[in-house]
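These notes concern the structure reproduced below.
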Amino acid sequence: MWRAYLGLIRKEFIQVRRDRNMLRLIFAMPLIQLLLLGYAVNLDVKKIAVDIYDFDRSQLSREYVSSLRAGDYFTPNTKADLSARPLWELARRTQSGDAEMALILREDFSEQLDAGRRVRVGLVADGANANTARIGLGYAALMTARFNRRVTGVSPSIELRERFLYNPESESVYFMVPGIVATLLTMVTVMLTAMAIVRER
């Protein structure tokens, strides 16, 4: 039995050595896939586009917004004064892809903090991609906790109130199923092609 196995292995090595294209495919394809999947396909959630609705416009509110720029987690939109626009516009900007999240600071933000009272900050996330939304909310909570310790002390003076758009339950099925369908179609197409070639032979 072992002699048959060794003969089969020897035959395959001879076949691969004769077929130069197969030899290139064996060594080149895994290397290319390793580079693509390891470096090109980046699943890190960074540079989340955030619209800022700062209705307080105080020094303290600007410091809080600046704290979100720590690291590469968020990219606050500072090109337009969104606080002068109605809040319902954030839904349009989220649908168009201009923003993935929106931070809403109330008018008495600094006043409440100076008085030592807890202030609520609204954070709206696009729930179409539940994974990105959850990670973004986690980043925002981390930055808020650091700001609390640095500016207002240990007590959590700023409380984040979170809300998801388009996917309130934060279910991943809405973006996983389309991706799985595309993957299955690719696999089935390759399998049908291989079966057709084998049938012809």
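The values are calculated or read from the model by the stated rules, or taken from the named source; none is laboratory data. Please read these numbers as outputs of a predicted model, since none were measured by experiment. FYI the Cβ positions are ideal-geometry reconstructions off the backbone, even for glycines, and counts take in every protein chain you see.
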Notebook entry, point to check: In region 106-140, which residues are closer than 26 Å to Met176 by Cα and either aromatic (Phe, Trp, Tyr) or surrounded by fewer than 16 Cβ atoms within 10 Å (Cβ to Cβ) (or both)?
Noted result: Asn131, Gly138, Tyr139
Margin query: Restricting to region 141-165, name every residue that is under 13 Å from Tyr64 (Cβ atoms) and surrounded by 13 or more Cβ atoms within 10 Å (Cβ to Cβ).
Written below: Met143, Thr144, Ala145, Phe147, Asn148, Val151, Thr152, Ser157, Ile158, Leu160
Next item on the list: Please enumerate the residues belonging to region 116-127 that are part of a strand (DSSP E or B), touching a helix residue (DSSP H, G or I) at 6+ places or on another chain (Cβ under 8 Å), of a type outside the set (Gly, Ala, Ser) and at pLDDT 85 or above.
Entry: Val119, Val121, Leu123, Val124
